[in-house]
C-alpha cells in the first residue's frame, strides 16, 4: 500500500484546486492521499468528483473552522471517519486533524498538520496533548502523517522531544533520508513532513517528491503548486 501526504499551501485562503493537483498525485500510484493546509473553495466538490473519477471514491475532510485550514483524506478502498481527535489541546488543532479507518485493511490513517504556533504556550500544549493521546496507540495498526512543523534534529524543540520520547515507547518516525519537505522560493529546505508509525507496521521507500513527469509539486520554479514536496511511502501489510 502506498500513501502520499502533501501540504498544499492554501494557508488560510480558499484557492482554486488545479486539475494537476489530483492528476499529479494519482500519477504517483497511491492507495491513500492525505492533503494538509487545505481550505475548501467553490471547486471543492469538483476536486472530490475528480478524485472519484480517478479511482478514489472515498473522500473525507476534517472539521471546518472559519479562517483556518483543514485536512482531506482520499482512499481507493472503503474508508470511514474515525473517532480519534485532538480536541481541547491548542487553537486550531482539531480542524487540522483527521482520522479515517480503511475497513478492508483494518488500518487507521491520521492526516494532520501541526499549526505554526507563534505562542510557545500553545505549541507546548499541543505537543503535550498529542503525546499523551498518541502514546497508548502504539500497538494499533495506525499511521499518522502530514506536516509536523518539526525537524527531528532541532535541539530544544518541544515537538522533536515529544517524537523522540514516542520512539522510545515503540513508535517509529519515518523520514526520507534525502532532501527536504519544505522548500522556500530561495531554495531553503527543511525536513518537517514525516510519518509516525505504530509498532505492528513496517514502512519503507520513503521519499520527498518534487516533480513527477510534467507535474511540479514544489521547488523554485514559478509553476510549483506548493512550497512543500509530496511525502511518499509504502506500507508493508
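Please treat every number below as a calculation from the coordinates, not as lab data. Here the structure is a predicted model, which is why all the values come from computation and not from measurement. Positions of Cβ are backbone-derived with ideal geometry, glycine not excepted, and every protein chain shown enters the neighbour counts.
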Can you tell me the FRET efficiency between residue 20 and residue 161 if r is taken as the Cβ-Cβ distance and R0 is 30 Å, rounded to the nearest 0.05?
0.20
Comparing 80, 62, 155 in a Gaussian network model of the chain (Cα, 10 Å), the one with the largest mean-square fluctuation is 155
Using a basic spin-label model with each label point 7 Å from the Cα along Cα→Cβ, how many nm lie between residue 77 and residue 185?
4.3
Considering only 133, 113, 141, give the residue with the highest GNM mean-square fluctuation for the chain, with springs between Cα atoms whenever their separation is below 10 Å.
133
The convex hull of the Cα atoms of segment 165-237, divided by residue count, gives a volume in Å³ per residue of 92
Please give the Cα centre distance for segment 95-169 versus segment 3-50, rounded to the nearest Å.
22
Considering only 221, 50, 140, give the residue with the highest GNM mean-square fluctuation for the chain, with springs between Cα atoms whenever their separation is below 10 Å.
221
First measure r as the distance between the Cβ atoms of residue 169 and residue 211, then evaluate 1/(1 + (r/R0)^6) with R0 = 45 Å and state the FRET efficiency to the nearest 0.05.
0.75
For the pair residue 133 and residue 103, how long in nm is the line joining their label points, each one 7 Å along Cα→Cβ?
2.5
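What is segment 72-129's relative contact order, in percent, from Cα pairs under 8 angstrom and six or more apart in sequence?
33
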Two-decimal Rg/Rh of segment 2-236 from alpha-carbon positions, Kirkwood Rh?
0.93
Compute from the Cα atoms of segment 91-166 the Rg and the Dmax, the latter being the longest Cα-Cα distance, and quote both in angstrom.
13.0, 41
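Using Cα-Cα distances under 8 Å and only pairs 6 or more residues apart, what relative contact order does segment 1-159 have, in percent?
Working: 313 pairs, mean separation 31.5, N = 159.
About 20 percent, as a whole number.
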Measure off 7 Å from each Cα along the Cα-to-Cβ vector at residue 116 and residue 178, then give the distance between these two points in nanometres to one decimal.
2.8
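Write down Rg/Rh for segment 11-59, rounded to two decimals, with Rg from the C-alpha atoms and Rh from the Kirkwood relation over Cα pairs.
That ratio is 0.94, to two decimals.
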Note the full-extension length gain between residue 124 and residue 43 as 0.36 nm times their separation in residues minus their Cα-Cα distance, in nm to one decimal.
25.6 nm
